[in-house]
Every structure is written in structure tokens, then in C-alpha cells.
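Here is the structure we will look at.
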Amino acid sequence: MAHDHHEPHPQHGPGHEHGHGHADMDWAEMAPLLEAQAELYTPLYRQAMTWLAREVTDPGLVVDVGSGPGVVSCLFADAFPGARVVAVDGAAPLLERARDRAARQGAADRFGTLAGDLPGVLDELDYPADLMWASQSLHHLGDQRAAVAALAGHLAPGGTLAVLEGGLPARFLPRDIGIGRPGLQARMHAVEEDAFAEMRANTPGFVAETEDWPAMLTAAGLKHTGTRSFLLDLPAPLTDEARAYVTTSLSRLRDRLGDGLDATDRATLDRLLDPADEAGAHRRQDVFVLVAHTVYTAVRPA
């Protein structure tokens, strides 16, 4: 995939920075952040896997499309102990970390990786997948409908494609945080939505598409079997790990999208990011994490 591991869109979590190689990105620097974010979201991913296991009872091959450093890939190895898991990503350094993680967890003998551009690299799979997981990777490909069809072509008869896209924006802060204008995060979400639309429009080979994932799955010759959203609910007060995720996310958003906010909101965000400010996200006790991800499943007819 010749696309960025871009910053999280409001409806997305850490996973969708996965799977998109970028020549200028320092993956050695980014990898610990990607891992920490995915580890924080582990309860959500485990919920999704429990749900998937009701449809996919004993997969022989599970493919994680756009795996990044392999946190979720290794969760699949744990959830399906009889399966071989293949992590697929455009960034080879992240796949090295995925292999190391699998080895630490005792799954190296049934864990493999594929480095290359999606969806073409999937041609290198040794055999079709019984379960294919695409978490926030398809929206980096210009023609999403064609990408779904390509993934469907690598499913075994009776195999399941699970697409994680959309959901609800991540919230970290109350509407009124006592500084600046109330509704800061809602306005940040609006700026993020515009940035996401621009990213899509500038993706090579972009084709405008209504984001009706069940319809795209059906058009690919699959039978849509389910849609379900999964919640990550980390109430205040947060653990140190969760607070670090919030402050890092806000900092990256400030760097990337701050110019889209007015001067008052930028000043409020700067206070939130000041470790010495009692009203900042590093210290305040009302910071939380609340996000929902939606998964769509479809089966290739036997």
C-alpha cells in the first residue's frame, strides 16, 4: 500500500494507521506508539473476535490486512489457537515487530508475514483465507469497491471477510471543560472529518463511493452476514497508559490540524497539552476514552 499510516480519524482508533507504507515515515519511532494504542484497544478487539468466533468456528488461515506491528494479529493467534495467522502490511519494520511479538507469545510456529502493497500482495498467500480481517485499511485504497472485491477473491469457499470501518468518534473530554468555549472536541471532529475527506480525495486512483459497506460486500459476490459495533469505554479517572494515549492523540491532532481551529480553540488545546497546567489533560481527572468501532462481516458462498 503506497499510502500513509495517517493520523486517527475521529471515527477510528489506532488500527487504521496500519498497513500503509510511506517512504518518509520513521517506523522505528512510530511503532511503540502504534503498539501502545492497539494494546489500549485490546478489550474492543477481543469483543469483536468473540463475535467473529460464532461465525468462524475453526479457521485454518486468518489474514490480518494492514496489520501494522501485529498487536491485533497476535490477538487472533490467541483467539484461534488452531489457526495459522498471516500479518500483511506495507511497512516491513512493523512486520518485524509483529514476528517478534508472536515469538514472545509462543505463536511463531504458526505466524507469518507478507510485506507489500495491497491488495496485490495477497496474491502471495499460499492458500485462501478462512477469515480475513481488514481494520481501517480499505479507506486508504483509492477504489474501495475494487479493494473489497480483491479481498473477497482470496477467501476460501465459506470464508469470512470482516471489515472494520466507521463507528463513532473517540471522545476524551466533557463538552464543557471549564476553559475556552464549550464543545471543543466536537469542533475538532469537524476539522478531522474535512481532513479525512481531503485524504480520500487525494488517494491515488480515488473513486468516490457511498460508504455502504454491506452493499460493497454484496457487490463483491459475498453474503453480508452481520454488522455490529464494539465499545471501548475507559471512564475517568484514567490509567497512566490511557492518559498517555489521550495526550499523545491530542498533541498529534494539534500538530496536524491545529490550523483548522480558530485562535481561541488553539489556545485551549495548547493549555490542554501543557503538563504544568492544572486544567491540562496530563492532570485533570475528568479525561476519559469512549469510542465505538463497527465491523461488517460477509461470507463467500461455498
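The values are calculated or read from the model by the stated rules, or taken from the named source; none is laboratory data. What you see is a predicted model; the values in this text were computed from it and never measured. Because the Cβ atoms are built from the backbone with ideal geometry, glycine has one as well, and the counts that use them run over all protein chains shown. Side chains are part of the model used for accessible areas, which takes the heavy atoms of the whole protein and leaves out ligands, DNA and RNA. Shrake-Rupley method; radii C 1.70, N 1.55, O 1.52, S 1.80 Å.
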Probe 1.4 Å, all chains present, heavy atoms only: residue 61 accessible area in Å², nearest 10, is 10
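Test of understanding: what is the full-extension gain from residue 29 to residue 121, defined as 0.36 nm times their sequence separation minus their Cα-Cα distance? Don't skip to the end; give the middle numbers.
Values: separation 92, 0.36 × 92 = 33.12 nm, distance 2.51 nm.
Extra length available between residue 29 and residue 121 comes to 30.6 nm.
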Here, residue 302 and residue 211, labelled 7 Å along Cα→Cβ, have an inter-label distance in nm of 3.5
Env charge @ residue 110, Cβ radius under 15 Å, K,R +1 / D,E -1, value -2
Rounded to whole angstroms and listed largest first, the alpha-carbon spread of the range 158-302 along its three principal axes comes to 60, 33, 21
Chymotrypsin sites (Phe, Trp or Tyr not before Pro) in the range 166-270 lying in a DSSP loop, each with at most 15 other Cβ atoms within 10 Å of its Cβ, come to 206
To the nearest 20 debye, the chain has a Cα-centred charge dipole, built from +1 on Lys and Arg Cβ and -1 on Asp and Glu Cβ, of 780
In deg cm²/dmol, rounded to the nearest 500, the helical mean residue ellipticity at 222 nm of the chain, built from -39500 (n - 2.57) for every DSSP H run of length 4 or more, is -11500 deg cm²/dmol
Distribution output for the range 177-234: share of Cα-Cα pairs per 10 Å bin in percent, first bin at 0, values 16, 25, 36, 17, 5, 0
Carbon/sulfur accessible area of the chain, % of total, 1.4 Å probe, equals 50
Descending accessible area (1.4 Å probe), largest on the left, turns 139, 224 into 224, 139
Going residue by residue through the range 177-191, the Karplus relation 6.51 cos²θ - 1.76 cosθ + 1.60 with θ = phi - 60° gives ³J(HN,Hα) values, rounded to whole Hz and with x marking Gly or Pro, of 9, x, 9, x, 7, x, x, 4, 5, 5, 5, 5, 4, 5, 5
For residue 98, the net charge from surrounding residues (Cβ-Cβ under 9 Å; K, R +1; D, E -1) works out to -1
With the dipole of the chain defined by +1 on each Lys or Arg Cβ and -1 on each Asp or Glu Cβ, the option from 108, 168, 247 whose Cα lies farthest towards the positive pole is 168
In nm, the gap between the two label points placed 7 Å beyond Cα toward Cβ at residue 290 and residue 277 is 2.3
Probe 1.4 Å, heavy atoms of protein chains only: per residue, the accessible area of the chain in Å² is 41
Under the rule rounded for a/c under 1.5, else prolate if a/b exceeds b/c, else oblate, using alpha carbon gyration tensor axes a ≥ b ≥ c, the range 251-302 is classed as prolate
Taking a crude spin-label model, label points 7 Å out from Cα along the C-beta direction, the residue 228 to residue 54 distance in nm is 0.4
In the neighbourhood of residue 145 defined by beta carbon distances under 12 Å, the net charge of the other residues (Lys, Arg +1; Asp, Glu -1) is -4
Convex hull around the C-alpha positions of the chain: the volume in Å³ per residue is 122
